[in-house]
Each structure stands twice: as C-alpha cells, then as structure tokens.
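S.K.: My questions all concern the structure below.
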Amino acid sequence: MSDQKYHAPLPGVGMQPPQMIPTAPSSQPDAPPGGWSPPNMTYPPGLQYLMGLDYLFVNQKVELLQAFTGWETKNKYVITDNKGEPVFYMAEESGLCWRLCLGKYRKCEFNIYDKNQHEVLRMIRPFRCDGCCCPCYLQVLEVYSGNTLLGSVTQEWSLWRPKFYIRDASGQPVLMIKGPLIRFCVDVIFKVKSLDDKHRLGMIRKRWSGFTREIFTVADTFGINFPRDLDVKIKAVLLGACVLIDFMYFEQET
C-alpha cells in the first residue's frame, strides 16, 4: 500500500480557524445529575452532526496489505450513527518508520472529515510509553477544531485496570473511563463514568467482528454511547478516546 495522504471520501478542504456557531437562544440549563458541566450552547463548525446523538459507531477499514503481510498501514475509519448513516470519515497520518518501528505506540495524527468533505476535527497523539514502568510518561491524545483545543484524553496510572480522564480545553477532568480487567472477551466494555465514580454515563464497546476479521486483520469495530445532552466538544473527545483505546489495546503488536 502506498503511503500517500488519504482523504475520505474526496480530498479535504484546508482547515480554517473555527468560528463558534450559536444555537437557538435558550436559558442556561442546570447541571446534569451525572456531574459533568452543562452543555455549551455554541459549537465549532461541523460538530452540529453530533447534536442530538447518543451513539456513534467506529468502523475501521480492512487493509489487505496489512492483513497479508503484517506491515503496519495507516488506519482509516468510517464513523456512523445508530442508523448506519456516515457521520464522519477519519484517516491516520503517520510516518512509515514510526509505524514499522513503534507499532501501536507510534506518533500520529488523525484528520476527520464530514459528509461534505470538510475537515472538522484533528487529533494529535504524541509518542508516549505505557505500563507501570513509565508512570510519568503515559498516553495522551488531544482533539482540535482548527487550531482550537477542544479537550484531551489522558491515561492515568493504574496497577490493575485501564483508566483515562476526559479533559476539557482548560485541562480540567470532566469524565473518566474505566476499562475491564480482562480484554479478551467477545465484547469488551470501557465504562464512561462521572468523576465521583457514582454514575455510569455511557461506554466504549469493542464489538466482535467475526472470526475471519478478528483473527486475520486488526480492523476493529467500536460503539460509543454517551448522554444525548453532553457538550458536543466532549463527545468529540470521547471519539478520540475510542481511537486511543483501539491503538493501545487492540492494535497489532510490532
């Protein structure tokens, strides 16, 4: 497979500085019972597709070169709603050496396009370590609209089970994600919870894709569930959390 830049489904339009688009005037809502902040009534261009959604499905495309040779290729995804309608297209950008030498730990970026081929999000994942040997250099992924930071996903040190924080643009944690102790089941669920750990607000679920796809490829399928009234910027960060979880726990080892 060539290493040419991928645009899905057509060459994307260059990213423009985001202009916040106001929704219809309304009174400021009360804080939801789960403990997260009330939804912001403005959103970056392109994220209006997430308004009113409480499910997203992330489907990684099968790469035949990687399936037959084992060589790491650039990951590509189609993101759909619960009706199967495409919402976004996502493509990885990374260097060949990073993929071949560092595998799932590689430094990379993800460009996300809407149905009109406009780039609406950009995710940056720097090189980081994983595991108890380097607790001060754990995984992180930042989500941007243009040059504006929307939030980030940070891995937290944990001895037994995966744990992440969903952070807003100021760096403050707003949600946390707890993974299972065992990640070799047919369906693997990462719970999205409130910071006080009292409310389960959603989940990121790695779904069984069938014997052939699971054994011979690393093309995974995920479902993301979140509150319908959650701020669309935090929904975008949860999408980034799904990508990071895919790389960390379900990507082929080097």
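S.K.: Within the range 152-191, work out how many residues are under 22 Å from ILE124 (Cβ atoms) and β-branched (Val, Ile, Thr).
M.R.: 5
S.K.: Which residues, counting only those in the range 163-180, are touching an Asp or Glu at 6+ places or on another chain (Cβ under 6 Å) and at pLDDT below 95?
M.R.: LYS163
S.K.: Which numbered condition in (1) crowded, with 16+ Cβ neighbours inside 10 Å; (2) at pLDDT below 90; (3) assigned to a loop (DSSP other than H, G, I, E, B) is the only one that PRO227 fails?
M.R.: The one condition PRO227 does not meet is (2).
S.K.: For the range 159-194, give me each residue that is assigned to a loop (DSSP other than H, G, I, E, B), open to solvent by 50 Å² or more (accessible area, probe 1.4 Å) and over 20 Å from VAL232 (Cβ atoms).
M.R.: Residues satisfying the conditions are LEU159, TRP160, ARG161, LEU181, ILE182, ARG183, PHE184, CYS185, VAL186, ASP187.
The values are calculated or read from the model by the stated rules, or taken from the named source; none is laboratory data. If you're wondering where the values come from, they're calculated on a predicted model, not measured in any experiment. Heads up, the Cβs are rebuilt from the backbone with ideal geometry, glycines too, and the neighbour counts pull from every protein chain shown. Just the protein is used for accessible areas: all its heavy atoms, side chains included, with ligands, DNA and RNA removed. Shrake-Rupley method; radii C 1.70, N 1.55, O 1.52, S 1.80 Å.
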